[in-house]
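J.: Have a look at the structure that comes next, please.
The values are calculated or read from the model by the stated rules, or taken from the named source; none is laboratory data. Quick caveat, the model's predicted, so the values are computed rather than measured. All Cβ positions, glycine included, derive from the backbone under ideal geometry; neighbour counts span all protein chains shown. Accessible surface is based on the protein model in full, side chains and every heavy atom, while ligands, DNA and RNA are left aside. Shrake-Rupley method; radii C 1.70, N 1.55, O 1.52, S 1.80 Å.
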Amino acid sequence: MIGIERTPARSGNSNFVDYQTGWHIYNVDLTAQGGGANGNWLAEGNVAGFRVDAPWFKNGDNVHYDWARLTPANGNPVQITWNYSSGAPSQLVNLYLSASPDPNQDNEYQIAANVPASNRSYTWMGTGMAPGTYYIHANLNGAVSSSGPLNVNAAPVARIDAPSQFSGEDYAQAKLSAAWNGSNSTQFERTVNINPIQWTPSYLQTSATNNDPQVWWLDRDSTHAIDTSRYRYMSIRMWLQTPSSSPTSVFNAGPRMTWSQTANSDMQQTFLSFAPYNRWIPLSYDLPNAPLVLGTQGWTGYESTLRFDPHESDDQSGGRLPDFFRMDQSHLTSRSISGPSTLIRWSALQGNGSVDLFYDTDNSGYNGTQVASSVPLYNGSYAWNTSAVPNGVYYVYMIAHDSYNSSRVYSLVPLVVDHASPSTIFTDVPTNYWAVTYVNNMATRSIVSGYGQTDTSVMFRPGSSTTAGQLSKMITNSFGFAIDTSGGPHFSDVPTTQPFYPYIETLYNRGIVSGYADGTFRPGRGATRGQIAKMIALSGSQAYGWSLQNPATNTFADVPVGSTYFTYIETVYRHNQIISGYACGGPGEPCDGQQRPYFRPANSVTRAQLSKMLSNAIGAP
């Protein structure tokens, strides 16, 4: 993920492998020499990069790759046996691995050659095979046979997405109230040597006018200076086009990050990195630990300038430049913080099974303290109560396992446990956000979730409106109602395949929601404050035994006695003020003799506001 240095210290090659036409499996022993290597695989320790060169000296050949696996030297042996009843003892058997049960077809990989037929068995280590169903084919002097299926288990493998360099508080969201996604010019205070710039909904696209294009998020902006003790991980997704003047170029020298506390005189720069062409590439920098090529101060204090150079000239003398480049999904994030509780998130990459979760302080050894055991792999998250964990910096790791295999992985970055701080569960809900406690409460109860991005960050979008469908799911989960779809579907626009179908049907069967006269529910419509008050009041009545309130006088100036939502609004107000109002005196809302507030029952509700309402409701039975 982090770009390799321009001049790596060492490199090495394995032996060459002859390739053949058609699909074949190639099993390469990386410890074997013979390819002109200047480094030995067994002596290298941790290897930082890996590549395949194929084929050499064959320009124009069309090559496809299906899968690749890097496996241990020893695996589980597969015992291959056969019957042999005639012929000379010297007759020899050749064994093949195939995806086809037909012994005459698709002999992709030779397992063994010239095995004496009289042996009647062969032990094959079977390492390196991708998960799937295979067949063993045997060939004896042209006579062929096939085994029954050999199933290679898809070992459970997962990636930890939180804590990660993408899961902390996002600087742009927290301090500028806007994402750095490249969708508009206001995200950059300055651009240099690029023109024209095209803004799309999700990225910017532009062309370089010389060999030093630059985009500046901050340009000596002390008002929005970055607190480097809090924000440290810079991530960017970038796409470079092959220069038209050099169509065979493979790499470009770049990109790099630049920052400063005042003017250009103290600019700090990271190393250049190689960047391949014609594909989206993710870049990630841990800025306090980024090696510098300019400046000695590093990432410290308050930085008022932040700049990114997408690429440099491929050839200083020739001046070859990409015709254009694209940028999106730029984040400057903090370390992930856990207050009283947080979410550990992961993505299941392969297989089935469960995960065990742990933490330690040294990011080594897989010998830490257990957090949870046997959590289903495809749950994707676990709410971790950290209230008993001392304040400190910890690494999370997981062991994924099934009946056959296990895998383990550490989080790439640590988690900071700070009991005095709210958690950073969503990148766009900073710890000083007014509704952060309510949002986090709903998230750790699995009542609300966010919007996953391709870089694994998760946004909550607290200012977005809530639809009737989303509300139905949140109400059902908040009050713990068992799913009940009996008699459904009851609405013409909510078929069984609609994502919110089970929740809408559940609330309909409980009499909490109803539809329109035309038989529709309209799950995509916005939900109003009055409608939400009704749903919460009826749900609280069924789940907690709340009594519906019908006082003689109204609490809110704009919700008179006997109005449509009067009883429900009064009920939720009188239960821990689940829903509160707005002080009178604003435009169109004059104060009466009792100075009563306004409720605004027809107003829409944001996701943050709804999180507060539901958090108060389920906390006040």
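J.: Can you give me the % of accessible surface on region 106-234 that is carbon or sulfur? Probe 1.4 Å, all protein chains present, nothing else counted.
T.: Of the solvent-accessible surface of region 106-234, carbon and sulfur hold 43 percent.
J.: In addition: With a probe of 1.4 Å, find how much accessible area the chain has per residue, and write the answer as a whole number in Å².
T.: Averaged over the residues of the chain, the accessible area is 49 Å².
J.: Can I ask one more? Helix 468-478: angle to the longest alpha-carbon principal axis of the chain, degrees 0 to 90, nearest 10?
T.: On a 0 to 90 degree scale, this one is about 90.
J.: Grab the DSSP H runs of the chain that are 4 residues or longer, score each as -39,500 (n - 2.57), total them, divide by all residues and round the 222 nm result to the nearest 500 deg cm²/dmol.
T.: Roughly -3000 deg cm²/dmol at 222 nm, from the helical runs in the chain.
J.: Further question on the same structure: Sort 150-157, 325-332, 373-380, 342-349 by the packing proxy (mean of other Cβ within 10 Å over each peptide's residues), most packed first.
T.: Listed from highest to lowest mean packing, they are 325-332, 342-349, 150-157, 373-380.
J.: Can you pull the percent of region 491-621's accessible area that's carbon plus sulfur, 1.4 Å probe, other chains left in place?
T.: On region 491-621, the fraction of accessible area on carbon and sulfur atoms equals 49 percent.
J.: Calculate one ³J(HN,Hα) per residue across region 207-221 by plugging θ = phi - 60° into the Karplus curve 6.51 cos²θ - 1.76 cosθ + 1.60, and present them in order as whole Hz with x for glycine and proline.
T.: 10, 7, 9, 8, 8, 9, x, 9, 10, 10, 6, 10, 10, 6, 9
J.: Between S90 and W434, what is the spin-label point distance in nm, taking each point 7 Å from the Cα along the Cα→C-beta axis?
T.: 9.3
J.: Starting from the Cα gyration tensor of the chain, take the square roots of the eigenvalues, sort them a ≥ b ≥ c, and report rounded, prolate or oblate (rounded when a/c is under 1.5, otherwise prolate if a/b is larger than b/c, else oblate).
T.: Judged from the Cα gyration tensor, the chain comes out oblate (a/c at least 1.5, b/c at or above a/b).
J.: Please identify the chymotrypsin sites (Phe, Trp or Tyr not before Pro) of region 483-564 that satisfy two criteria: DSSP loop assignment and at most 16 other Cβ atoms within 10 Å. Which are they?
T.: Y516
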